[in-house]
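**Q** A single structure is presented below for examination.
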Amino acid sequence: MATVEDTLKLALDHHDAGRLAEAEALYGRVVAMAPNHVQALYLWGAAAHLRGDHAAALPRLERARYLAPEAAVITVLLAATHRAMGGLATAETLYREVLAAEPRQGEAAAALAEMLEERAKALQARGDAAAALSQEEQAVAVLRTAGLSPKPTLWNSLGTGLLAAGRREEAIAALESAVAANPRYGEALSNLGAALKAAKRLDDAAARYRQALALFPKVPELHTNLGTVLAELNQPAEALAAYQEAVRLNPAFVGGWLNVGMGRHAVDDLEGAADAYRRALALDPSFHRAWTALGAVLYELGRFEEAAAAAERALEIHPSGVEANWNLALVSLLLGRYAKGWPLYEWRRHSRTNPLRTFDRPAWDGAPFPGRTLLVHVEQGLGDVLMVARYLPAVAAMGGRVLLETPPELVDLMQDLVRPGRLELAPTDRPLPPFDLQCPIMSLPGLFKAGISPIPNQVPYLHVDEPRRARWRDRLAQAMAPSATTRQASTQQSLKVALVWAGNPNFTGDRWRSPRLPAFAPVLQVPGVHFFSLQMGDGRRDLAAGPLPAAFTDLAPDIRDFADTAAILMNVDLLISSCTAPVHLAGALGRPVWVVLPRSPDWRWGLGRADSDWYPSARLYRQETRGDWGPVMRQVAAALAARVDPC
């Protein structure tokens, strides 16, 4: 009669040869002879597991584990059997028990990580990104503790999850691991580029996208991704080339045509941009982003009715589009459609690029507010504060107390508006006092229905004290005092003209609204004028660009705030300026001001008029061709010469 050992040896021979049924029968005989034979029980269960008969394998393996609970190999196979039968929770518990005792047990670690990864995929499919990320992180931790390398696909999935969670540096590390494990893993390279871009490591992002393109040059999306990085690197021509390659590879790439349009816009090819947006819309007429972008470029082209129609089409498709609502607000106000424009103007509150601050106090609706305090808070530019200050007395007359949030450079100037207990200043460099209601300052025109109701334009509504005016009167007289050289000149310099030629370069479209000093050359050549520069900021570098007339004084280094600027304007005959804050200051003071405007002006200047509803003392000079300041400046120079010598 065969012994247990002989029967077990014969069973192992059948097992190794793949004759599982024969092996399984012999293992059964061994167990019949020796019911507590752990090896036979384990191998008997293993044979059934390999045949796919997990129901048979399960009791055999459970008996083996009961007899030898410390044997990791038995527990791992029992876990695999539960997993195969759908008992995932039990399987996970068993794998974790093994790893708690032997953290470097590779088979258990690999199986548990695989389970966690599968669970993560299921969670991602359900949209539970946070839970999926947790599973992926656990999977990586399990594998690394066991001394195993996660698969590139797991690193990639973990990296994208970390990026979505805003954990950019961790995402970069995970995606770099995916690429290190498989340098030809195009998806991971692309995702790594996106993570580096999100972290503002733009040169590294471009390098990774180029690495991906070297492997997969015919993937349009990779060219588009590279283009977006090059655009952020301020390489518009290179970005456009990348966008164009994307649509060359796939002419039906709707989003690619949108990017081509933005690329052409960035290199000032506005007609080309409009054409690209139309190509996108020909492919997908419901692409609201293309309608929005088309409206914006048509605005810049001066085709305002078409711009309004494009914005309205975008909103028919996507009524909550912030940019389209904002664009329609601006073009409506420019065209004088105030009833439509003012409600839309409130969409600026939702801007992603320049959102308004939020407060835990209700917004003011324009109704009287007796016994309460209203904060009017600043937004956008200083010129807006100066323009809208005209409404503050009317607000203060509504029975409550008004706090005007005031930038430090406006505090002295605005003191004239103060009415204790009714209208007070709240300087921005100090903590805000308590308040009950709040209103952004540029909402006041809409609340008072500016343009629908007459715009209050009685000037001056701002004033400057006499001592400051006297100081600047003396300063200007000193600047104009003839020197030994100028005493010999035959031209009498009498007209005092202040100049501003550039605004804030961070303002969108500033290069189109700011002529810069060289463009003023025809104006500076007018005899009989002493020019005073009030230019601040970036525009001051133009002073070194070329020769200036002898009758030119730079006052800016001595100007402390807008009260000083106001005092200067009270002592000159005229301000000539681009669309900047000093224009609004001159208008609020009732001083003569000539404004040079670009082809597509700011909404408050309207269209086709030489005068302004906002400022009776303003005269508007309008550019006819985008970017061409020559005709405008010659017109201004001729008018200035006539002002010097009316005959």
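The values are calculated or read from the model by the stated rules, or taken from the named source; none is laboratory data. From a predicted model like this one, the values you see are computed outputs, not experimental measurements. Reconstructed Cβ throughout: ideal geometry from the backbone, glycine too, with neighbour counts over all protein chains shown.
**Q** How do the pairs read when you match residues in region 350-361 that are farther than 21 Å from F435 by Cα with residues anywhere that are among the aliphatic types (A, V, I, L, M), using Cβ under 8 Å and keeping only pairs 6 or more apart or on different chains?
**A** Correct list of pairs: H350/V322; S351/V322; R352/V322.
**Q** Restrict the check to region 345-354 and report whether at least one residue is assigned to a loop (DSSP other than H, G, I, E, B), in contact with a Phe, Trp or Tyr (Cβ under 9 Å, 6 or more places away or on another chain) and of a type outside the set (K, R).
**A** Yes, because at least one residue in region 345-354 is assigned to a loop (DSSP other than H, G, I, E, B), in contact with a Phe, Trp or Tyr (Cβ under 9 Å, 6 or more places away or on another chain) and of a type outside the set (K, R).
**Q** Out of region 351-384, which residues are within 17 Å of L447 (Cβ to Cβ), among the aliphatic types (A, V, I, L, M) and under 25 Å from the mean Cα position of the chain (by Cα)?
**A** L356, V378 - these are the residues of region 351-384 that are within 17 Å of L447 (Cβ to Cβ), among the aliphatic types (A, V, I, L, M) and under 25 Å from the mean Cα position of the chain (by Cα).
**Q** Just to verify a result, which residue in region 314-339, among those that are part of a helix (DSSP H, G or I) and either free of Cβ contacts under 8 Å to residues at least 12 places away in the same chain or of a type in the set (S, T, Y) (or both), is surrounded by the fewest Cβ atoms within 10 Å (Cβ to Cβ)?
**A** My answer is E316.
**Q** Could you tell me how many of the residues in region 584-595 are under 17 Å from L555 (Cβ atoms) and either aromatic (F, W, Y) or in contact with a Gly (Cβ under 9 Å, 6 or more places away or on another chain) (or both)?
**A** Of the residues in that region, 2 qualify.
**Q** Out of R622, R591, R609, report the one residue that is among the charged types (D, E, K, R), within 23 Å of G451 (Cβ to Cβ) and buried (at least 16 other Cβ atoms within 10 Å of the Cβ).
**A** Only one candidate qualifies: R622.
**Q** Being within 21 Å of E221 (Cβ to Cβ), among the hydrophobic types (A, V, I, L, M, F, W, C) and touching a residue at least 24 places away in the same chain (Cβ under 8 Å) is the filter here; which residues of region 274-313 pass it?
**A** Those that are within 21 Å of E221 (Cβ to Cβ), among the hydrophobic types (A, V, I, L, M, F, W, C) and touching a residue at least 24 places away in the same chain (Cβ under 8 Å): A280, L283, F287, A290, A293.
**Q** Listed residues A141, A100; which is among the small types (G, A, S), assigned to a helix (DSSP H, G or I) and over 24 Å from A171 (Cα atoms)?
**A** A100
**Q** If I go through region 108-139 residue by residue, how many of them are surrounded by fewer than 24 Cβ atoms within 10 Å (Cβ to Cβ) and touching a Phe, Trp or Tyr at 6+ places or on another chain (Cβ under 9 Å)?
**A** Residues in region 108-139 being surrounded by fewer than 24 Cβ atoms within 10 Å (Cβ to Cβ) and touching a Phe, Trp or Tyr at 6+ places or on another chain (Cβ under 9 Å): 2 in total.
**Q** Could you please find all residues in region 463-484 being part of a loop (DSSP other than H, G, I, E, B) and either of a type in the set (S, T, Y) or over 18 Å from L574 (Cβ atoms) (or both)?
**A** H463, D465, A481, P482, S483, A484, listed by residue number.
**Q** Quick one: which of A164, A141, A180, A173 is in contact (Cβ under 8 Å) with a residue 24 or more places away in the chain and among the aliphatic types (A, V, I, L, M)?
**A** A164 is the lone residue from the list that is in contact (Cβ under 8 Å) with a residue 24 or more places away in the chain and among the aliphatic types (A, V, I, L, M).
**Q** Select from region 32-61 the residues that are within 18 Å of H82 (Cβ to Cβ) and either surrounded by fewer than 16 Cβ atoms within 10 Å (Cβ to Cβ) or touching a strand residue (DSSP E or B) at 6+ places or on another chain (Cβ under 9 Å) (or both) and list them in ascending order.
**A** If the condition is that a residue be within 18 Å of H82 (Cβ to Cβ) and either surrounded by fewer than 16 Cβ atoms within 10 Å (Cβ to Cβ) or touching a strand residue (DSSP E or B) at 6+ places or on another chain (Cβ under 9 Å) (or both), then L50, R51, G52, D53, A55, P59 are the ones that fit.
**Q** Name the single residue that is surrounded by the fewest Cβ atoms within 10 Å (Cβ to Cβ) among those in region 389-417 being in a helix (DSSP H, G or I) and acidic (D, E).
**A** D416
**Q** Which residues, taken from region 9-27, are at negative phi and free of Cβ contacts under 8 Å to residues at least 24 places away in the same chain?
**A** K9, L10, D13, H14, D16, A17, R19, E22, A25, L26, Y27
**Q** Being of a type in the set (A, V, I, L, M, F, W, C), touching a Phe, Trp or Tyr at 6+ places or on another chain (Cβ under 7 Å) and more than 27 Å from L417 (Cα to Cα) narrows it down to one residue among F552, F532; which is it?
**A** One residue alone meets the criteria, F552.
**Q** Would you say V260 is in a helix (DSSP H, G or I), surrounded by 24 or more Cβ atoms within 10 Å (Cβ to Cβ), β-branched (V, I, T) and at pLDDT 95 or above?
**A** So V260 fits the description; yes.
**Q** With the checklist (1) farther than 25 Å from A141 by Cα; (2) modelled with pLDDT of 90 or more; (3) surrounded by 21 or more Cβ atoms within 10 Å (Cβ to Cβ) in hand, flag the one item I74 doesn't pass.
**A** I74 satisfies every listed condition except (1).
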